[in-house]
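Everything on this sheet refers to the single structure shown next.
The values are calculated or read from the model by the stated rules, or taken from the named source; none is laboratory data. From a predicted model like this one, the values you see are computed outputs, not experimental measurements. Counting neighbours? That spans all protein chains shown, and the Cβs are built from the backbone with ideal geometry, glycine included. Areas reflect the complete protein model, heavy atoms only, side chains present, ligands, DNA and RNA absent. Shrake-Rupley method; radii C 1.70, N 1.55, O 1.52, S 1.80 Å.
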Amino acid sequence: MTTRKRLSGLLADAALILYFVFALFPIAWMVILSLKPANELFSTYFSFTPTLGSYRTVLGDSEGIPFVRFFVNSLVVSVGAVALSLLVGLPAAYASARWRFKGSENLMFTLLSFRFAPELTVIIPLFVLYQRLGLFDTYVGMIWVLQLVTLPLIVWIMRSYFADLTPELEQAALLDGYTRKQAFFKVALPLVKPGVAAVSLLAFIFAWNNFVFPLILTSNEAQTVTVGALSFLGGDRPKYNLTAAAALVSVVPPLLLALTIQRYLVRGLSFGAVKS
Amino acid sequence: MDTHAHDRRHFLALTAGAAATPLLAACGAGFGGGDDKGGGSAADDVTGSFDWKREKGRTVKALLNKHPYTDALIADLKSFTTKTGIKVEYDVFPEDNYFDKLTVDLSSGRASYDVFMLGAYMVWQYGPPGWLEDLGPWMRNSSATGAEWDQADFFPNLLQADQWSLKDGAPLGRGGQYALPWGWETNVVAYNTEVFTKLGLKPAESFDELREIAGAVKRKAPGAGYDGMYGIAVRGSRSWATIHPGFMTMYARNGLHDFTVDGGKLKPAMNTPEAVAFTQDWAGMVKQGGPPSWTSYTWYQCSSDLGAKKAGMLFDADTAAYFQAVKGASPASGKIAFHPGPKGPDGSLATNMWIWSLGMNAKSKKKSASWLFLQWATGKEHLRRAAVTGNHIDPVRKSISQDAAYKDKMRHLPGFIETFETVVDQTKIQFTPQAQFFDATTSWAAALQEIYGGKNAKSVLNALAGDLAAKVD
């Protein structure tokens, strides 16, 4: 290897490290903030006496904010929303990939528009409906409304996966005596497993991060972490240490999920993303 | 605290949504939930002698903003339930989202919250569509209101701030009482006594002095051992909340107006030669002595900087400084003093205010119980407890501001009581009441940023006035 090549390799590495530091800096800053005691939060001189006090406060309900309950609520509604979307969305994606009928594209674009329409344009009618139907501040209500976020995502991404599968595979299964349903569950679905994993994670993150729906459609019972974590900002002084701790705790489930399905994720995302 | 950090897009979208609601209702969507009485007030139904137990067994639902005043209220709720037999359920939301939540709730026409917190400016938005109960008939009905509530004990300017005829441009203090003053904030200057002593400075008595001192602190404080300290913390984010504290206070003290009213028509007045000169000077002060990233500054940053000894002065709500000044709250605690701030050229101490008020949903089905709650929450007994044992520090009642226990509590903060007493009678809403308030002030803040960024003040403010003239017409 020539000196020039070695030098450019080193420069590339240095640039990558620089970018790595740049990209992770906000997270590192949040970690530092979350470990700072309140009296060091706004110091202009350098002082850092790490403490887990913020985490104890956030998880211990000592500010009167039931963060753990909000966290569990987020888990329940996000998992519930993704599960329901998968149940409905996978057959829908398969059907839309395999069959064309008059207006099928319009139907698909209508579904997609649910994802891109600003939530605030529908929030007042939804609020009224939820009040009347008794869905306000309930898990069922949140899972249902989050379909606006998760279902279009799942249908559209999975549609490209199914479209990519050669129909001959299912036709062969049909010739072997499988029913359509069996061909779907036993042939098509296993082949798009990486895609299902990837899209489930994406849908989970979108559902987990949603802010407007829980803000307007929940009260105390079904409130999620995105709204609840803001309560730590404080009404008298900004309590950035508590907010940072709450935000970091909130990151854990999507992060763990991503790590768990990492194997599928890389394959899944690189597969489906470029094919539609 | 009035963070007022509304996300403008959210706010506009919600307002648009709210505006669409009657249309949807007309289309048969069934919004409005309206089964309330026609012309008369539900207050007329309350007869006989006043009785705190009249609505025993009821539950009132409250929407509250996260605030130290709220903390004091929640801590005292048991005494309300004991007194009345009424239970209070409440939701508390952080301020950044509180008004979004409230706007949707009110505009939906469904009475999910019977009572709620709001600012006087919100009366201009929520009043005209009929979302707020006129509390006047309740206050006037001696069967509904106990004698001990003592309306005359309120600072009259505060009570008037929530009273309006619902007509754009009409002065406050006439028409319906759409909310009750509960806790408020006056806008004054708080300063770091340590750095002022070291640099041989005294609080500014004129705007020119304020600008000079702000610049002097920024230049000299780092050399005196205050690394990175700048002169004055004022809000600067592109939000309506930027305009109303220090800026509007100083603007009013200079005898300037946001609008003039001529024959019932509003005319923007931010572009008069005097207003242009003032705005240019304000932007210049921020450039010379303000924070480096001023355009993102909300009260959070302003207040924190005073506490962290990054700012020599703060021109904002007295509460924003108070919570940094109390013992152990910040590196600057014990070294923060209060001052009414610069006077206008004619000695004016006209001050703009933020007033946390309590209102009742016009669609509430528990108005009588809700009124008992409002009466208790704004009554002497609770407010005194909240002021003395909690952090309800700017009393809306004269008796509490003179209470010995309250004064003892506040005395350790240099200048707090004196400043409060100096400005209290001259503090009022300095804006012209009108429904486009939030949009107008947000545009005003954007104009201020442009001037700070170097654009010509006259042309920016002329453009602003032209734009607003079309909006408020």
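Side notes on the structure shown:
- When B:ALA308 is tested against (1) within 14 Å of chain A (Cβ to nearest Cβ); (2) buried (at least 22 other Cβ atoms within 10 Å of the Cβ); (3) of a type in the set (A, V, I, L, M), exactly one condition is not met: (2).
- Between B:ASP408, B:ASP394, B:ASP403, the distinction of being open to solvent by 40 Å² or more (accessible area, probe 1.4 Å) and more than 30 Å from B:ARG110 (Cβ to Cβ) belongs to B:ASP408 only.
- Residue within region A:244-260 that is in contact (Cβ under 8 Å) with a residue 12 or more places away in the chain, outside any helix (DSSP H, G or I) and either of a type in the set (A, V, I, L, M, F, W, C) or away from every other protein chain (no Cβ under 14 Å) (or both) present: no
- Any chance A:ARG132 is touching a residue at least 24 places away in the same chain (Cβ under 8 Å) and either among the charged types (D, E, K, R) or open to solvent by 70 Å² or more (accessible area, probe 1.4 Å) (or both): no
- Residues located in region A:174-194, provided they are farther than 16 Å from A:GLY89 by Cβ and either part of a helix (DSSP H, G or I) or touching a Lys or Arg at 6+ places or on another chain (Cβ under 9 Å) (or both): A:LEU174, A:LEU175, A:TYR178, A:ARG180, A:LYS181, A:GLN182, A:ALA183, A:LYS186, A:VAL187, A:PRO190, A:LEU191, A:PRO194
- Complete set of residues in region B:404-432 that are over 17 Å from B:TRP182 (Cα atoms) and in a loop (DSSP other than H, G, I, E, B): B:ARG411, B:HIS412, B:LEU413, B:PRO414, B:GLY415, B:GLN430, B:PHE431, B:THR432
- Subset of region B:74-101 [more than 14 Å from every other protein chain (Cβ to nearest Cβ) and either assigned to a strand (DSSP E or B) or on the phi < 0 side of the Ramachandran plot (or both)]: B:ASP76, B:LYS78, B:SER79, B:PHE80, B:THR81, B:THR82, B:LYS83, B:THR84, B:ILE86, B:LYS87
- Restricting region A:212-227 to residues that are facing chain B (nearest Cβ under 9 Å) and of a type outside the set (S, T, N, Q), the residue that is farthest from A:VAL149 (Cα to Cα): A:VAL227
- Complete set of residues in region A:92-121 that are open to solvent by less than 60 Å² (accessible area, probe 1.4 Å) and either touching a residue at least 60 places away in the same chain (Cβ under 8 Å) or outside any helix (DSSP H, G or I) (or both): A:ALA92, A:ALA93, A:TYR94, A:SER96, A:ALA97, A:ARG98, A:GLY103, A:ALA117, A:GLU119, A:LEU120
- Answer residue from region B:44-69, given it is under 18 Å from B:ASN361 (Cβ atoms) and within 11 Å of chain A (Cβ to nearest Cβ) and is most open to solvent (accessible area, probe 1.4 Å) among those: B:LYS61
- The residue list B:GLY255, B:GLY231, B:GLY236, B:GLY215 contains one member that is away from every other protein chain (no Cβ under 14 Å), in a helix (DSSP H, G or I) and either of a type outside the set (Asp, Glu) or open to solvent by 10 Å² or more (accessible area, probe 1.4 Å) (or both), which is B:GLY215.
- Checking A:PRO26, A:PRO50 one by one, the residue that is over 26 Å from A:THR138 (Cα atoms) and either part of a helix (DSSP H, G or I) or open to solvent by less than 40 Å² (accessible area, probe 1.4 Å) (or both) is A:PRO26 and no other.
- Qualifying positions in region A:140-166 - open to solvent by less than 30 Å² (accessible area, probe 1.4 Å), among the hydroxyl-bearing types (Ser, Thr, Tyr) and farther than 14 Å from A:PRO91 by Cα: A:THR150
- Residue check for A:ALA244: closer than 30 Å to A:THR49 by Cα, open to solvent by 10 Å² or more (accessible area, probe 1.4 Å) and under 25 Å from the mean Cα position of the chain (by Cα): no
- Hits in region B:439-452 (condition: in contact (Cβ under 8 Å) with a residue 60 or more places away in the chain and either farther than 18 Å from B:GLN288 by Cβ or not in a helix (DSSP H, G or I) (or both)): B:ASP439, B:ALA440, B:THR441, B:THR442, B:TRP444, B:ALA445, B:ALA446, B:ALA447
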